[in-house]
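The values are calculated or read from the model by the stated rules, or taken from the named source; none is laboratory data. Bear in mind that the values here come from a model prediction, so they are computed numbers and not experimental data. Cβ placement follows ideal geometry from the backbone for every residue including glycine, while neighbour counts extend to all protein chains displayed.
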Amino acid sequence: MPGKVIIIGPAHPLRGGLASFDQRLCKQFLAEGYDCSIFSFSLQYPSFLFPGTTQYTSEPAPENMRIFSVINSIHPLNWLHNGNQIKNLRPDIVVVRFWLPFMGPALGTILRQVKKNKHTKIVAITDNVIPHEKRAFDTSFTKYFLKSCDAFITMSAKVMTDLKTFEPGKPARQVLHPLYDNFGEPIDKLVAREKLKIDPSGEVLLFFGFIRKYKGLDILLRAMKDLIDRAKNNQSQKAVPKLMIAGEFYEDKNTYTTLIDELGIRDHLILHTDFIPDSDVKYFLCAADVVVQPYRNATQSGVTPLAYHFEKPMIVTNVGSLPDLVPHEKAGLVCEPEPHSISAAIERYFELGEKYFLPHLRKEKENYSWNKLVDAIVNVSKQTSNA
């Protein structure tokens, strides 16, 4: 008999991939008969710590879903209050998202209160254990959080390895990041391009998501310069693909605009560097020929299951778990995180053509399901014992 589940993590009206994931996971629990709700944040980040323009979405709230925006990430009394509230609700499982050490004190304190009911099993979905961008207190905040959990879910081998350096003895399962299938169904490429006012006949690369240093957009920009130069040197009559950049800057925009001008590639770019609302995501994915992830380092990427859902092949760099998630010359191409390797992979992609990848992509896509994640959460919770 399905029981009660509480998800602790970002949700509407907060925006972004974490919120979308938590809401989709809640929807799956509900579909499988669980009593599921989300405890989200009234204050996720102080404004001076948030790199984007706003933390909130203007999209409508998901239907038939209970979301309580009550957690203040910097208020200890609030942590105790919410911990006691969840403790008294006695959920069978608390699923808690952990993506940043900054959240360790708040979440770790809430969970310590919850555990006092001697009933609730706490399963953490650890998006990252060792962060991409390191700060003081990362290790101590992470340890404090992990000690409060009973079991773990990771979505990459890299995160599992990192997790085992902190918590080698607790149950943990690795599961593929499910498909982001909550952004609508794929639409025709020409329809998407008409919506975005893009040339219907040209080749389009897509860099999608928040722009941060570890994601390597600067490497991709240099790869574009390499493609342009090679086309000129070879006197090629074939047009160089356009690069569409769709995502908000989460660091200094001037670093990139200066580089674009230095490289002289602005005419080869399509820039949409504001936050992309959920309702528009499908247009960007479906308008592209291929998604490029030129990351310097990576654990898993939410862009990968998004590309799988919209059946877009990927060019990814040989870092973290990306090569495992995108089998080379099947669901896409794997290259090194440097400009010449990326530009060569782009040329190789268009030599093979999109149709070459689609059968492999569709077969691989079948592995990315939400019911598998729910099963993993429930099963790993059963491996724990209440303290």
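At a glance:
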| quantity | calculated |
| --- | --- |
| Test: residue in segment 317-326 that is polar (S, T, N, Q) and closer than 25 Å to ASP226 by Cα | yes |
| Matching residues, segment 218-243, being over 14 Å from GLU347 (Cα atoms), surrounded by fewer than 22 Cβ atoms within 10 Å (Cβ to Cβ) and within 32 Å of the chain's Cα centre (by Cα) | ASP218, ILE219, ARG222 |
| Residue match in segment 145-154 (condition: over 30 Å from SER279 (Cβ atoms), of a type in the set (Phe, Trp, Tyr) and surrounded by 23 or more Cβ atoms within 10 Å (Cβ to Cβ)) | yes |
| Within segment 360-384, considering residues that are part of a loop (DSSP other than H, G, I, E, B) and under 18 Å from the mean Cα position of the chain (by Cα), the one surrounded by the fewest Cβ atoms within 10 Å (Cβ to Cβ) | ASN367 |
| Extreme residue, surrounded by the most Cβ atoms within 10 Å (Cβ to Cβ), among residues of segment 65-76 that are in a strand (DSSP E or B) and of a type outside the set (S, T, N, Q) | ILE71 |
| Single residue of segment 77-111 satisfying the filter (more than 24 Å from the chain's Cα centre (by Cα) and not in a helix (DSSP H, G or I)) that is farthest from PHE152 (Cα to Cα) | ARG90 |
| Checklist (1) under 25 Å from ILE219 (Cα atoms); (2) surrounded by fewer than 20 Cβ atoms within 10 Å (Cβ to Cβ); (3) not acidic (Asp, Glu) applied to TYR349, failing item | (2) |
| Test result for ILE74, at pLDDT below 95, β-branched (Val, Ile, Thr), under 19 Å from PHE145 (Cβ atoms) and touching a strand residue (DSSP E or B) at 6+ places or on another chain (Cβ under 8 Å) | yes |
| Qualifying position, being over 17 Å from LEU205 (Cβ atoms) and either in contact (Cβ under 8 Å) with a residue 24 or more places away in the chain or polar (S, T, N, Q) (or both), among VAL291, VAL319 | VAL319 |
| Residues of segment 1-37 satisfying the condition of being aliphatic (A, V, I, L, M), part of a helix (DSSP H, G or I) and in contact (Cβ under 8 Å) with a residue 40 or more places away in the chain | LEU18, LEU25 |
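Residues checked against (1) touching a Lys or Arg at 6+ places or on another chain (Cβ under 7 Å); (2) charged (D, E, K, R); (3) buried (at least 20 other Cβ atoms within 10 Å of the Cβ):
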{"residue": "PRO277", "(1), (2), (3)": "no, no, no"}
{"residue": "VAL281", "(1), (2), (3)": "no, no, yes"}
{"residue": "TYR308", "(1), (2), (3)": "yes, no, yes"}
{"residue": "LYS330", "(1), (2), (3)": "no, yes, no"}
{"residue": "GLU336", "(1), (2), (3)": "no, yes, no"}
